[in-house]
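The values are calculated or read from the model by the stated rules, or taken from the named source; none is laboratory data. Keep in mind it's a predicted model, so treat the numbers as computed, not measured. Cβ placement follows ideal geometry from the backbone for every residue including glycine, while neighbour counts extend to all protein chains displayed. What goes into the accessible areas is simple: the full protein's heavy atoms, side chains included, and nothing from ligands, DNA or RNA. Shrake-Rupley method; radii C 1.70, N 1.55, O 1.52, S 1.80 Å.
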Amino acid sequence: MASLITCPHCGTRPKEEFSIRGAAAPKRPSPTAKDEAWHRYVYVRDNPKGRILEYWHHVAGCRRFLVVERDNLTHEVFGVTDAAELERAGADE
Amino acid sequence: MSINLLHRHVLEDHISGFETDPNPNHLSVIRRPVIFSVLAHAGQETAVAEALWNAEDVAPRFCGPSEWLAVSRTVGAETVAGMLSAIAGASVVDQSDGRALMEISGPSVRKILGRCVAVDLHPEVFEQGHSAAMLCCHATANVARTGADTFEIIVPRSFAGSVFEELMEMGREHGLTRGFAD
Amino acid sequence: MTSYRLGSGGAINRGQSLTFTFDGRSYKGFDGDTLASALLANDQMLMARSFKYHRPRGVVTAGSAEPNALMTIGSGARAEPNARATTVELYNGLAAASQNRWPSLKHDFGAVNDLFSPFLGAGFYYKTFMWPGVLWEKLYEPLIRRAAGLGKATMQADPDRYEKSWAHCDLLVIGAGPTGLMAALAAGRAGVRVILADEGFRFGGSLLSESAAVGGRPAAEFTADVVEELASLSNVTLMPRTTVFGWYDDMVFGAVERVQKHVASPSPDLPMERLWRIVAKRAILATGAEERPLVFGGNDKPGVMTAGAARTYLNRYGVAVGGKVAVFTNGGSGYRTAADLLAKGVDVTAIIDARPQSADPVPDGLRIIRNGSVIATKGRHRIEGLIAERSGFEEVIGCDALAMSGGWSPIVHLMCQRGAKPVWSDEKQAFLAPDVGGAFVAAGAAAGQTSLGECLTDGAAKAHAALEALGRLVGSLETPEVEGEYDPSFAPLWYVPGARDKAFVDFQNDVHVGDLGLAQREGFRHIEHTKRYTTAGMATDQGKLGNVNTAGIVAGMRGVSPAEIGTTTFRPFYTPVSFGALAGTARAEHAAPVRTSPLHGWARKNGATFVESGLWYRSAWFPREGEKTWRESVDREVLNVRTHAGLCDVSTLGKIEIFGPGAAEFLDRIYSNSFLKLPVGRARYGLMLREDGIVFDDGTVSRLSENQYVMTTTTAFAAEVLAHLEFSAQTFWPELDVRFVSSTDQWAQMSLAGPKARIIMSRVVQDDISDAAFPYLAAREVTLRSGLKARLFRISFSGELAYELAVPAGYGEAVADAIMNAGREEGICAYGVEALNVLRVEKGHVTHSELDGRTTADDVGFGRMMAMQKPDFIGKRLSMRFGLTAADRLQLVGLKPVEADKEIKAGAHLLKDGAKPSLANDQGFVSSACFSPTLGHFIALGMLKSGRERIGERVMVWDGLRGSEVLSEVCPPVFVDPENSKLHL
Ligand SMILES: [Zn+2]
């Protein structure tokens, strides 16, 4: 019937406004990384139960990719962050 | 060969026949609004937003953290283009033909829109002047509160017919009428 | 006379008489009646036949848990099966019909099932109809369906409208009984946004059946005052006739409002039902409690009902359920009903109390049989008496109705729909609502409170707690005093031993105690297994009345606490919801949004036949008079383009405006080919890969100025490509200063193709578009002769001299008209996507038929577009994998039939000539095929193993599905003008 995600830019929205792209944890390897790293990045997903990081694209809203941290069993949402902000923050560290 | 080109509104076919007097709940279609996408470049987001909010004759509509629509019903596209291109750090795209602008108003407007959007439009939550991109009748729209009981809805042109028909369907209970504003 | 309408009393409007029919007979009722109360007022106790045994049944309840009194309401397209007569609001002209009986309710042939019932126990279907399996569909299932079943759905289209709506509030109160009313009042006065929803058509819940006084006034008066105050508050939304049926993630509640179910002639401007999604910050469950039936022999006879139901019919509807009512109880509820009946002058023959003693006040002269039980009932279509037993002595007691009470179960379904299980309480002898966090709490009877006073207090208290959490608590609401209340406590009694007839646990599914025992003996011991083996708790009532008794009885059989047995899983919906409500407006032309091109009007004017392409409507071909098949039109259009010129609507292609100093670098990383050096004013064909090295989409990019580009995508992948760009820009390279936005809707884009394209275009465009000034792949802003600014691109999908002209959408139709006029003398025609497809197949251009998610750039002959010298681009790394560079990969080739009149069809497989069709012999497949009017025979594009080395070879095009074999020659994929001489005219 509905799940709600609170977009940091747009506010609380139903899941129909989003397109879920899957796990947000894997990071794109450098072009020179080993085959194994690329193989893992493109094909291998852990599919854990519980607390996960996912990309949610706010297609019908701000069109930003959001990193949603939530429990895939209870749908409890722990945090929603703009992916680019997270990326930049990671680069600053 | 000189050609005089006729501009045609996408809802021309949907609003035909005799115009009835508008009811208290009314959907008004603006024939030739000026609508630009404004994109702020890296690091310029705040400055561009500020310039937009201070600009005369255009109303800014929030789309995303570095994207807005600049809407004007009073001045022409060239004026708006000139004004917007003077904003440092912004890129602009004329979308005046790519969007349809409707204004829905009346005492039952929130009840009608409750059937069209999932967003809470209570005046304490969605204040006058507030705008956001959201799903409206299954299409991506920008919805703004332009009055106590008035909302502006901007939808992509190709979806306009569909959204318009759906809005009218949702307004049946409340006697929603429709017509071009001009 | 057995059941009858009292001379006065009840929350019915006696001034407004309503006429209705049941099984064709006409009856009268009053405004405010339910169908059930009106039938009882007319002494119609027999209302249904049971599911399996076809036993005569009457009402057991006065509410939504009703398992028996299911009827079909209305006729024709509006016929609704399985409506509960206890919740159907009476209206003038209502037509109800009983179900599951033949030839009539009173004389039902299927009742022989009851005689054969020893063979029809739990698991009967599994055991009897095991083999042979083929008979299931033809014999067993139709037989079972006819013999046992519910009402039939109409086969006609639903004539009514349905809607969906969102609602938002600070506090949702579910249930408008004493608890809910107090909660809503407390929150309403505090000024927060409150929604109060109740499934009934009148607010008040149990207060409407209450004989006690509240706040010094009759309960009905108190209720009316509270409802009036709530209605006056602008921050409170009252939703009667609205069932909150589900609790979903993030405090979203699903509800269905029956807007016009109670209306004789529905308004076409209103929906029949409205589905609500209610987003609440906090919610209070005030759904009350369900009275449990007692499980004794013959407890399903018409006239046997819960004590609370008998009291509701009496006090709310002014109906005596019998002339002589007996009561069988294990708690105070039976006494309360007896007292109310006596007060209204109804004869009560005896109270049979299962408990040895109780402190309940006994009305003067009423006979009490303590420590007693009922072991059988008499009568067939209505109870005529019962056999009571005490200390081994039996006695026949005459009665025409029996009010029973087995205690109370809080209605906690909603709180258990997201995984939490109800919690058994030894103290309350009931399953209580689980703790699901503070935002959603149970209150009043739903929280195990038993007295009216406690419920009123708890409703206000839970609202106060919610207000405090919302930071909006102001003052507190005083709870009114209740006078004349009974002690509602009870002693547990799961089933009554010594039954002489079936003792039903689940009335709707005809599950009796014996079935539960059989399930335990045969190993279906887990409560979920017991449910599925016996069907207890299934069908439309989902065991609202029987589930707790089932758990209690199974616990007793196994000698454990009901806590160990637990309940089956609660899922939405609480009560059945119509498909109409779930679909809302999404039917017929509103099933999905439609996208129309700015040239839609132009295409229609020119007689286009449209085809759905995603959400778009695209012009497929433009039939002319005398053309009998689509092929005739398409062939003409193709030849016309090749010899003269044609105009095609390509507005649906995705268009993305790209800006910024980082744009060139961004494009260079997005596409497999190079973009850093694309000159201003030029277009370039580009290939996008997925990260796994497979082709994703193709299109063009034109550089309009130093830092401004416009990209086109295919129609089908427009949304995906934009998302891909956004993902890449935001998550891979947020440091690149690049911004983009879709401008697909802004432009009407049309392709003018053919040898006459330039002369026609030059009549519309002011600028010099000679080959020297505007060569192949030129792209820039131009001015039309009207002064309108436009974008012109010299790109070609057809292989002809071609231009794509983009003008602001509102001018699209006018510009297309102008081009048609300008080209009339040159023989211009409109052409659609079918002709466009033929033109591109003739030219060997690929689309997503070839770029099907399995092909690499090299597979389709674009190996040179892999700029491997670039440090990085999406898909580069994995495109180098062995599997994607193997020599025997499928490669793009052309195919033409050896015998010129043979037809090749897309989807056919390729085999070596003479090889048998098998997976091992599979050499590839036909990706696109069409008749080429230019060449005069069928041609095809295909993907063939090592195809490029096999030009000239003959392969068999094998179409197993449509049964054809066409010997074909492998050829280069470009059939027309391989030198591209026409492109550069
Ligand atoms: Zn957003």
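Worth a mention:
- In chain B, the C-alpha radius of gyration followed by the widest Cα-Cα span (Dmax) gives 16.7, 58 angstrom.
- With the highest mean first, a sort of the peptides C:624-637, C:356-369 on other beta-carbon atoms found within 10 angstrom per residue produces C:624-637, C:356-369.
- Largest-first principal axis extents of the Cα set of the range C:677-754 (Å): 42, 28, 25
- Calculated on alpha-carbon atoms, Rg and Dmax of the range C:943-985 in Å: 14.4, 44
- Peptide C:777-786 - average C-beta neighbours from other chains (10 Å radius): 1
- Taking the inverse of the mean reciprocal distance over all distinct Cα pairs, the Kirkwood hydrodynamic radius of chain C comes to 34.0 Å.
- In this simple spin-label approximation, C:Ala469 and B:Thr79 carry label points 7 Å from Cα along the Cα→Cβ vector, and these lie 5.3 nm apart.
- Gain in span if fully extended, C:Asp158 to C:Arg604, counting 0.36 nm per residue against the direct Cα distance: 157.4 nm
- Each peptide in C:249-259, B:82-92 gets a packing score, the mean of other Cβ atoms within 10 Å over its residues, and the list from highest to lowest is C:249-259, B:82-92.
- Treating each Cα of the range C:510-574 as one equal point scatterer and applying the Debye formula with no solvent, the log10 of I(q)/I(0) at q = 0.17, 0.19, 0.27 Å⁻¹ comes out as -0.50, -0.63, -1.27.
- Counting only Cα atoms, the range C:182-327 measures 49, 39, 36 Å along its principal axes, largest extent leading.
- For chain C, the solvent-accessible area works out to 38 Å² per residue, with a probe of 1.4 Å and every protein chain left in place.
- Accessible area per residue in Å² at 1.4 Å probe, computed on the range A:3-93: 54
- Ranked packing of C:886-892, C:56-62, most packed first, by mean Cβ within 10 Å: C:56-62, C:886-892
- For the pair B and A, the buried accessible area comes to roughly 800 Å² in total, with a 1.4 Å probe and the value rounded to the nearest 100.
- Each 5 Å bin from 0 upward holds the following percent of the Cα-Cα pairs of the range B:34-97: 4, 22, 36, 26, 10, 2, 0.
- Summing charges over neighbours of C:His590, with a neighbour being any other residue whose Cβ is under 9 Å away from its Cβ, gives -3 when K and R count +1 and D and E count -1.
- Accessible surface of the range A:4-92 [probe 1.4 Å, protein heavy atoms]: carbon and sulfur percent: 50
- Looking at the range B:102-138, the GluC sites (Glu not before Pro) that sit in a DSSP loop and have at most 14 other Cβ atoms within 10 Å of their own Cβ are B:Glu124, B:Glu127.
- Inter-chain neighbour count for C:267-274: the average number of beta-carbon atoms from partner chains within 10 Å of each residue's beta-carbon is 2.
- Nearest-0.05 FRET efficiency for A:Ile20 and C:Asp347, computed from C-beta distance (R0 60 Å): 0.35
- Here the gap between C:Ser981 and C:Ser8, fully extended at 0.36 nm per residue and compared with their Cα-Cα distance, gives a gain of 340.4 nm.
- A crude spin-label estimate for the pair C:Ala592 and C:Lys106, with each label 7 Å from Cα along the Cβ direction, gives 5.5 nm.
- In degrees, nearest ten, helix C:332-343 long axis to first principal axis of chain C (Cα): 70
- Protein-protein interface of the range B:30-48, residues with accessible area decrease of at least 50 Å², isolated chain reference, 1.4 Å probe: B:Leu39, B:His41
- Peptide A:56-66 has a mean shielding of 6, counted as Cβ atoms of other protein chains within 10 Å of each residue's Cβ.
- Remark: the C:Glu899-C:Ser391 segment gains 172.9 nm on full extension, using 0.36 nm per residue and subtracting the alpha carbon distance.
- One equal scatterer on each Cα of the range C:880-985, no solvent, Debye formula: the resulting log10 I(q)/I(0) at q = 0.14, 0.15, 0.16 Å⁻¹ is -0.54, -0.61, -0.68.
- In this assembly, the B-C interface accounts for approximately 4000 Å² of buried accessible surface in total, computed with a 1.4 Å probe and without ligands, DNA or RNA.
- In range of the label at B:Asn4: residues from the range B:21-38 whose backbone nitrogen is under 20 Å from the point 7 Å along Cα→Cβ: B:32
- Expressed to the nearest 5 percent, the antiparallel share of DSSP beta bridges inside the protein assembly as shown is 80 percent.
- Per residue, the solvent-accessible area of the range B:34-97 (1.4 Å probe, heavy atoms of protein chains only, all protein chains present) comes to 40 Å².
- Percent antiparallel among DSSP beta bridges (both partners in chain C, rounded to 5): 75
- Each eigenvalue of the Cα gyration tensor of the range C:619-715, multiplied by 5 and square-rooted, gives one semi-axis; in descending order these are 36, 16, 11 Å.
- Remark: accessible area buried at the C-A interface is about 2600 Å², both chains counted, probe radius 1.4 Å.
- Whole-angstrom gap from the range C:374-429 to the range C:819-853, using each part's C-alpha centre: 76
- Of the trypsin sites (Lys or Arg not before Pro) in the range C:474-537, those whose Cβ has at most 16 other Cβ within 10 Å and which sit in DSSP loop: C:Arg500, C:Arg525
- Each label was represented as a point 7 Å from its Cα along the Cα-to-Cβ direction; for C:Glu720 and C:Ser946 these points are 3.1 nm apart.
- In degrees, nearest ten, helix C:178-190 long axis to first principal axis of chain C (Cα): 60
- Amide H contacts under 5 Å for C:Gly832, placed H, 5+ residues apart: C:Phe622
- Against the empirical curve 2.2 N^0.38 Å, the C-alpha radius of gyration of the range C:889-938 lands at a ratio of 1.23.
- Sequentially through the range C:498-508, phi angles give Karplus couplings (6.51, -1.76, 1.60; θ = phi - 60°) of x, 4, 9, 9, 4, 9, 7, 9, 10, 5, 5 Hz, Gly and Pro residues having no value and appearing as x.
- With every protein chain in place, chain C: carbon and sulfur % of accessible area (1.4 Å): 54
- Sorted largest first, extent of the range A:4-92 alpha carbons per principal axis (Å): 41, 29, 22
- Cα-based equivalent ellipsoid, the protein assembly as shown: semi-axes from gyration tensor eigenvalues, Å: 68, 36, 29
- Cα centroid separation, the range C:597-626 to the range C:900-977: 31 Å.
- Per-pair calculated FRET efficiency, R0 = 45 Å: A:Arg51 and C:Glu706 via Cβ, rounded to 0.05: 0.45
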